[in-house]
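Notes follow once the structure below has been shown.
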C-alpha cells in the first residue's frame with residue numbers, strides 16, 4: 001500500500017519506485033484518480049501490468065479506451081449524498097425505533113471495461129479521442 005494524497009506527481013514517483021523495486025509485479029489497484037499516473041508509468045516504461053482504478057474521471061476513461069487501464073469502478077456521488085441525507089432524516093424520524101433502517105445501503109456503482117467504455121463515455125458526455 002502506497003499513499004500519495006491525490007498528488008499525481010507524488011503518485012508517479014511512488015509507482016516508478018515500486019515497479020523498479022518489484023520487477024515481477026503483475027498489477028496495480030488505484031483507489032483514487034492516480035490510475036492516470038499508473039497508466040502513464042506503464043506506457044513510458046513499457047510495462048506488462050494490469051491496472052484497475054476506483055473512479056471514472058474522463059482522463060481515466062480515455063486510458064481504458066487506449067488500453068492502458070483494464071477497468072474502473074465508478075461511484076455514485078449523487079446517490080451517496082441523497083441516501084446519506086435520506087438515512088439521517090429517517091434516523092431522526094425513527095427515534096429509538098430504528099429496526100426498519102438498513103445497516104448497509106448500496107448507492108450503486110458501475111464497472112467500466114474496454115467492452116463498455118464507449119457506451120459509458122457517451123452516457124457521461126465524455127468526448128474520447
In the stretch 65-82, the residues that are within 10 Å of residue 35 (Cα to Cα) and more than 9 Å from the chain's Cα centre (by Cα): 68, 69
Selection count where residues are closer than 19 Å to residue 120 by Cβ and surrounded by fewer than 13 Cβ atoms within 10 Å (Cβ to Cβ), scope the stretch 39-67: 1
Single unsatisfied condition, residue 17 versus (1) under 24 Å from residue 116 (Cα atoms); (2) out of contact with any strand residue (DSSP E or B) (no Cβ under 7 Å at 6 or more places or on another chain): (1)
Residue that is surrounded by the most Cβ atoms within 10 Å (Cβ to Cβ), among those in the stretch 15-38 that are out of contact with any helix residue (DSSP H, G or I) (no Cβ under 8 Å at 6 or more places or on another chain) and within 22 Å of residue 61 (Cα to Cα): 32
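Might you check whether a residue that is closer than 30 Å to residue 102 by Cβ and either touching a residue at least 60 places away in the same chain (Cβ under 8 Å) or in contact with a helix residue (DSSP H, G or I) (Cβ under 6 Å, 6 or more places away or on another chain) (or both) occurs anywhere in the stretch 67-76?
Yes; the residues of the stretch 67-76 include at least one that is closer than 30 Å to residue 102 by Cβ and either touching a residue at least 60 places away in the same chain (Cβ under 8 Å) or in contact with a helix residue (DSSP H, G or I) (Cβ under 6 Å, 6 or more places away or on another chain) (or both).
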Close pairs from the stretch 115-129: first under 15 Å from residue 69 (Cα atoms), partner exposed (fewer than 10 other Cβ atoms within 10 Å of the Cβ), Cβ under 6 Å, at least 6 apart: none
Residues being surrounded by fewer than 14 Cβ atoms within 10 Å (Cβ to Cβ) and under 18 Å from residue 51 (Cα atoms) - total across the stretch 102-115: 4
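Since every read-out is calculated from the coordinates, none of them should be taken as a lab result. These numbers were taken from a predicted model, which means no experiment stands behind them. In this analysis, Cβ positions are derived from the backbone assuming ideal geometry, glycine residues included, and neighbour counts consider all displayed protein chains.
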